[in-house]
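Asker: Below you will find the structure I want to go over with you.
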Amino acid sequence: MTHPTGNQPPAGQGQAVQGQAHPGWPGQGPGSQQVGGPRQAWVVPREPLSPSTVLWLVGVTAVAILIQLGVMIVELLYLVEAPFLDSMTVTNILALAAVVTALVAIAAWIAALVLSIIVARRGRGRLRAGAIVLLVGLVAGFFLSVEITGDTSLLPDSLVTATRVLGLVLDLVELGLRVAGVILLLLGLRQLTSGTPAR
């Protein structure tokens, strides 16, 4: 195209100079990154695990284990038909204790579940392994549970006894998982407080 005066317009006026990027174009200019170039990956730092969190988890799990042991002892007494269980006073005491321990057990179970997830997420080595084992022990009761409710007078005594024995065995499996998780957590806590690298 010819300029009205007959001269060619200077380079850069009315047209872009070939091979030169305009400084206002996206992705160009000083400090900008070329299209298709390497991109920087943003990594969110992981929050370190506090030893107090592990201690709280061990504490609430210990409460849950003690309650489970108490329930298993009562079930065993009913299984062997202890004579003092026929007393009305003992029955009332057990009924009241069952209500209180049920509330405490639910609170301890929820706290242990939440803290186990936190430790499994942030922990390393034995801490993570212990939290995972403990999580399995906490949820195992939903899948490993056998119980007969209602009037069992119409059922054979052998069936009732076998069901109670099987329930105790499954409770022992659940209890063993919780105890194993607590042991691993304590070993991992020792490494965490001493500064030993997790394996």
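Asker: Can you list the residues of the stretch 97-113 with backbone N under 18 Å from a point 7 Å past the Cα of Phe142, pointing along Cα to Cβ?
Answerer: Hits in the stretch 97-113 for Phe142 at 18 Å: 105-113.
Asker: Still on this structure, please answer the following. Could you order peptides 65-73, 122-130 by the average number of other Cβ atoms within 10 Å of their residues, highest first?
Answerer: Details: 65-73: 15.2, 122-130: 20.7.
Highest-to-lowest ranking by the protection proxy: 122-130, 65-73.
Asker: On full extension of the chain, what length is gained from Val165 through Leu55, given 0.36 nm per residue of separation minus the C-alpha to C-alpha distance?
Answerer: Numbers: separation 110, 0.36 × 110 = 39.60 nm, distance 3.38 nm.
Once the chain is fully extended between Val165 and Leu55, it gains 36.2 nm.
Asker: Order these peptides, 49-60, 102-113, by their mean beta-carbon neighbour count within 10 angstrom, highest first.
Answerer: Highest to lowest by the protection proxy: 49-60, 102-113.
Only the coordinates and a few stated rules stand behind these numbers; no lab work does. Computed from a predicted model, the values in this text were never measured in an experiment. Ideal geometry is used to build each Cβ from the backbone, glycine not excepted, and the neighbour counts take in all protein chains shown.
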